[in-house]
Amino acid sequence: MLRFLKWTFGVIGLLFLGVIGVSTYLYVVELPSLHEPPKTIVQHLPSGSGNYGAYPAYSGSHPGVSPRPEDSYRFPIQIGETGPLEPLFSGPNTYPFWCGRNTVTHLQPVADNFEGVGIPVFSVDEEGEPTEEVIGYSRDCLHPTAANYFFLNSKDGRFYRIDKKTPEQTIEKITISGVSRDFIVRLETGTINRFFYAIAVLKGDGESLERPLGNLWNQRLIYQFRGGVGIGKRQGNIKPNDILKRRKDQLRKGYAVVYSSANQTSNHYNMWVAEDVAARVKKQFIGLYGDPLYTVGIGGSGGAIQQYLLAQNHPGLLDGLIPLYSYPDMVSQTTYVLDCEPLEYFFDVQDRQNPRWESWGQRVMVEGLSSTESNINYFQAMSSAASVLLGNFDGIKQLSGSSECVSSWRGLTPLVNNPNFVHFAKNFSPEIQKKIRWTHWEDLYQIYGRDENGYAQSIWDNVGIQYGLKALTEQKISVEEFLTINAKVGGWKSPEQMQQEEFWFLQGDVLPVKLSVWSHQNQLLPSGPESPAARTSASLDAIEGVFRSGHVFLGQLDLPILDVRHYLDPQLDMHHSSASFMTRSRMLKSQGTAANQIIWISDPDYNPVERAFAVMDEWLLNIKMNDELSVAENRPYFAEDSCFNKEGETIARGARVWDGAWNQQPVGACMQVYPAYMTSREIAGAPISGDVFKCQTQPVSAAIKQGLYGRVDMTPYQEKLEHIFPEGVCDFTQPGLGRPDNLLTKPMLANSQDAVNPPNQQAQIEFQKPEITQKKPSEEVREVTKMPEPKEMSAHSAITLSRLEAETASSQ
């Protein structure tokens, strides 16, 4: 007996140590967690903030066809001055707004009130360090414009602020136009529309900080975009390496680089705000240095989304795009990402007796995306540990195997969807935490609108979605399994019904043990064994609003695009390769061609960005010199769909290399090497484009009659299907509901004043729908062992590039 007790306590002790290890890993790495509050939390809200009432969804014209107001602000902002506070067209500033850190100047934001609104601002001692004395509060987080010189240290490859004590021999040398020079960069920072901005250009001959000359600038401008998943309410941070380290090799060759924390989607996903700030940052740059030869965007994940949407919504802001790890837009992702947890709850809990779901390869036949049987699953470990501590030994799960849904997207659903949850809540006072509704939908309430209860409306919908339909028609799952999945998998509760998340220690409480990695307390579950779970119905007004507002990529864009990514699907990374083909399918549908979008995918050990910059430069220069030709007709030799191995050798290139299931063509040479995986919605019958938010439904009898279920005879199960789907099943041969027609057709207006939207709507910019007269690309697939590099530019403008940026959803 004593031996048994020792063994039992030993097992429990090991499990407890496992809990500590898993907890630490998840706390630091995997999940958005509630860390200790900073010293400077937001204390109070401005008067009138945090009040919620009904609000109409956006109903104005698309930003691609409407005018913006003239900007009366006089750029450039001078050193020591603060930039504009109020946005030009993106709507009034919203609160709360948490101030980020400025580690370029190490200064606090400007105190703008004494009423306790915002974060406290402290007096500083003789060394410039903050004391405990509060001298005011900062509501809007403004910083005066400042400029400093930074040099690249030749010994450690890092940038440092230059001063009188900097030894000359430590400054790395670069060669510009055959002349050896110090690698010194002028870095200007400040705030525009409350967000940090940064401008980096090589120090010119004979210039001063106050009077930059830019005579070593190669006339090319890079706009740096960054990714992440944000729901607003914060400024973001600014660090020297945000562009100095990230774009070191481009700066070395004379490129100028600009960036703003408003263009980092870990801070927000409001494309009106992103565009408003980007346009002004570019004006600040032009005010200092003059017009660039061209402006090329670069950035990954959310940084790629911004490029597609800002180029669509504001022609002329960017001339070329290098989206990395791209998606067409953010809202399209929510359709299948918000399917993940209801399906995982079904596999883990509702149908856990079915041995099929022990295989992750079987799960993804329904939920889509990629999977593995080998990776350690930290969420399974955490769930098992919690079950043991609760005395539920049946809840112990195998610790190996996972899917993209679990490894990459878990934790982001509540961040986007639950008004009670945000991982940086402790940056705000307890009163603000309780008062604010923390969702992506609420952050863009002027787009989605609010319902009669004052809650922001959502575009997520799964009415009529038949999960696992493709697996059924291919007879990979049984009819009974198909019916069980769709009867038990419901939707998400309305926001007013949602409860706080149960993330156990991640929310600061070790006991009691409250854990639901699936957020099942906020799901619509069956009310009884014979009652199928209810589905969630989206607001048609919200869907119309998100289309009209320019937050959905429509596929109409006549600019050079090099869509570049590493192949990360086997790593269960959220940046799945199929997203590039979602974008391409929209372009083919909207403009009949995607000849101006080139897709490159490489092994993770090879960086294709260097080649991308060189090809983009040649492409844009061709357009400048041959403006009578179309974008596609100006494509340089290397601007062609391609895939690369880990040595950088081209596996295949040509117009058909990425053919596959997404376009119903025989699998191309690159797709064979780097296969793309379907999403849950594609498996349910939706198109690859992913832009159907709410489907038109048809009666079950009609679906059976038209052969929707293939060789599977569902006639005997018609009554059960009708019980599960009382509103019918999706008919994806019909357009999605809520999408307006002719969004990019410019209205005939008597004068520009007629284009101004109602007071609560966005004013927009002039846009002419481009005529696409692109030549048909080569259909040849060429097998190449080693491609020659693109031709060199002149010494002044040659391009050498940094490593491909892995800007994941957690990037800061």
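Table for the structure above
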read-out	value
Under 11 Å, Cβ to Cβ, from W600 - net charge with Lys/Arg +1 and Asp/Glu -1	0
Charged-residue dipole, Cβ positions (Lys, Arg, Asp, Glu), the chain about Cα centre, Debye nearest 20	820 debye
Signed unit charges on C-beta, dipole axis of the chain, positive-most listed residue N102, Q556, Y467	N102
Radius 12 Å from Cβ of P740, net charge of other residues (Lys, Arg +1; Asp, Glu -1)	-1
Shape metrics for segment 303-409, restricted to C-alpha atoms - Rg then Dmax, Å	18.7, 62
Rg and Dmax of segment 220-375, Cα atoms only, in Å	20.0, 67
With all protein chains modelled, accessible area of K476 [1.4 Å, Å²]	100 Å²
Solvent-accessible heavy-atom area per residue, rounded to whole Å², over segment 677-750 at 1.4 Å	54 Å²
Ratio of the Cα radius of gyration of segment 73-175 to 2.2 N^0.38 Å, where N counts its residues	1.40
Separation in nanometres of the label points that stand 7 Å from Cα toward Cβ, at Q734 and E722	1.8 nm
FRET efficiency, 1/(1 + (r/R0)^6) with R0 41 Å, evaluated for T745 and D291 via beta carbons	0.85
For a label point 7 Å along the Cα-to-beta-carbon line of S537, residues of segment 456-481 with backbone N under 16 Å	457-465
Overall Cα dimensions of the chain - principal axes, largest extent first, Å	83, 67, 65
Cleavage-rule hits (trypsin sites (Lys or Arg not before Pro)) in segment 344-374: DSSP loop, at most 16 neighbouring Cβ within 10 angstrom	R352
Heavy atoms of Y55 accessible to a 1.4 Å probe, total area in Å² rounded to 10	60 Å²
Pair-distance profile P(r), taking every C-alpha pair of segment 593-682, with 10 angstrom steps and integer %	16, 41, 31, 12, 1
Lys, Arg +1 and Asp, Glu -1 on Cβ, resulting dipole of segment 279-396 about Cα centre, debye, nearest 20	540 debye
Theoretical FRET efficiency, 1/(1+(r/R0)^6), r = Cβ-Cβ of N93 and S400, R0 51 Å, to 0.05	0.55
Solvent exposure of segment 555-602 as accessible area per residue, Å², 1.4 Å probe	18 Å²
Cα pair distances in segment 589-745, grouped into 10 Å bins until the bin that holds the longest one, percent each	9, 25, 26, 21, 12, 6, 1
Extension gain from N153 to N645, taking 0.36 nm per residue of separation minus the Cα-Cα distance	173.8 nm
Rounded percent of accessible protein surface that carbon and sulfur make up, the chain, 1.4 Å probe	52 percent
Contour minus Cα-Cα distance for T715 and N215 (0.36 nm per residue)	172.4 nm
Accessible surface ranking that places the most exposed of F693, F638 first, with a 1.4 angstrom probe	F638, F693
Approximate spin-label separation E628-E480, in nm, with each point projected 7 Å along Cα-to-Cβ	7.3 nm
Of K248/K283; K476/K646; K434/K694, pairs whose Cα-Cα distance is over 29 Å	K476/K646; K434/K694
Cα convex hull volume per residue for segment 686-730 (Å³)	80 Å³
Exposure rank, largest accessible area first [I704, I79; 1.4 Å]	I79, I704
Å² per residue, accessible surface of segment 210-337 at 1.4 Å	17 Å²
Ordering of 592-605, 112-125 by burial proxy (mean other Cβ atoms within 10 Å per residue, highest first)	592-605, 112-125
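The values are calculated or read from the model by the stated rules, or taken from the named source; none is laboratory data. Source: prediction; values computed, not measured. With ideal geometry, Cβ positions are generated from the backbone for all residues, glycine too; neighbour counts draw on all protein chains shown. Side chains included, ligands, DNA and RNA excluded: accessible areas come from the protein's heavy atoms. Shrake-Rupley method; radii C 1.70, N 1.55, O 1.52, S 1.80 Å.
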